[in-house]
Amino acid sequence: MTQTPSPRRTHPLGKLAAAAATLLALASCGGGDGTNPLDNPSTVANPSGTTNGQKLSFAYFQRCVMPILRAQLPININGAMSVNSCASGGCHDNTTGTGGALRLVGSAADVNLATAAASADAVRQTDMYRNFYSSQGETLIGAPLASRLLNKPLVRTVLHGGGLVFADENDANAKIIRYWITRPMPAGQDEFSAAAANLFTPADVTTGVCNTD
Ligand code: HEM
């Protein structure tokens, strides 16, 4: 007569030892070297920005970049050519635009920076300042190759709902935007820094000609 083996009863201490071993194994998890697929991912690197919180120049934006964002430019969308402006309705207009986070008031008045009334707080209330702030937000300060404000209209490493606006990086408009992004105001100074005069020839933010690459 064959005996069916009775189910192995594990000694209570055996269960305890197994649970302890599992716990020990788990305790060694976390921030592993990535060899164990069950490990936590290694800590994500998040290096601090390279520009020490620097700001781009408001004066150069207003006089040299905003005219580009307002200009009627040839637009190539999948081979279909048209003429349009970045700030126009349906594109990046602040109210009727479909252009993502870049929001512009095309009719924004120029700010006369030479008057006493143009205090930083007062300028920050203007539509031109909103255009500056939104455009600066589409840049990685100091890094034009990583800036959407250039990469989108160049269709460089990204698609653009507005198509190809600048033929290539040698486009005169692209060069001005690149010049702005690569010359932030000195660390510790704000977007109204007098250092912006160096971005013009002669060195005057009101009368000087916009320098470019
Ligand atoms: C020099 C001119 C232009 C510049 C600098 C520019 C820049 C940009 C930027 C930076 C974005 C990404 C916004 C985000 O972060 O969400 C964007 C998106 C977009 N743009 Fe433009 N754009 C220009 C012209 C145009 C024009 C003329 C149109 C319309 C015909 C247009 C339509 C759009 C649309 C629909 C999007 C959202 C879809 C996407 O992310 O690609 N853009 N553009």
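The values are calculated or read from the model by the stated rules, or taken from the named source; none is laboratory data. Every value quoted in this text rests on a predicted model; they were computed, and no experiment measured them. Note that we place each Cβ from the backbone using ideal geometry, even for glycine, and neighbour counts take in every protein chain shown. The area values use the complete protein model at the heavy-atom level, side chains included, leaving out ligands, DNA and RNA. Shrake-Rupley method; radii C 1.70, N 1.55, O 1.52, S 1.80 Å.
I'm trying to understand the selection: among the residues of segment 88-146, which are touching a His at 6+ places or on another chain (Cβ under 7 Å) and among the β-branched types (V, I, T)?
Matches in segment 88-146: none.
Considering every residue within segment 98-121, establish whether at least one is among the small types (G, A, S), open to solvent by less than 40 Å² (accessible area, probe 1.4 Å) and within 12 Å of the ligand (Cβ to nearest atom).
yes
Within segment 88-97, restricting attention to residues that are free of Cβ contacts under 8 Å to residues at least 12 places away in the same chain and among the small types (G, A, S), which residue is surrounded by the fewest Cβ atoms within 10 Å (Cβ to Cβ)?
Among those residues, the one meeting the criterion is G90.
Go through segment 161-177 and count every residue that is surrounded by fewer than 19 Cβ atoms within 10 Å (Cβ to Cβ) and near the ligand (Cβ under 8 Å from one of its atoms).
Qualifying residue count for the region: 1.
Check off (1) more than 16 Å from the chain's Cα centre (by Cα); (2) at negative phi; (3) open to solvent by less than 40 Å² (accessible area, probe 1.4 Å) for W180 and give me the number that stays unchecked.
(1)
Failed condition for Q62, given (1) within 16 Å of the ligand (Cβ to nearest atom); (2) farther than 23 Å from N211 by Cβ, with all others met?
(2)
Please find, within segment 122-136, the residue that is nearest to the chain's Cα centre (by Cα) out of those that are free of Cβ contacts under 8 Å to residues at least 12 places away in the same chain and more than 16 Å from the ligand (Cβ to nearest atom).
R124
Mind listing whichever residues of segment 78-87 are surrounded by fewer than 19 Cβ atoms within 10 Å (Cβ to Cβ) and either near the ligand (Cβ under 7 Å from one of its atoms) or closer than 15 Å to M128 by Cα (or both)?
N84
Please verify whether V158 is within 10 Å of the ligand (Cβ to nearest atom), farther than 23 Å from K55 by Cα and under 15 Å from the mean Cα position of the chain (by Cα), treating the condition exactly as stated.
Spelling it out, V158 is indeed within 10 Å of the ligand (Cβ to nearest atom), farther than 23 Å from K55 by Cα and under 15 Å from the mean Cα position of the chain (by Cα).
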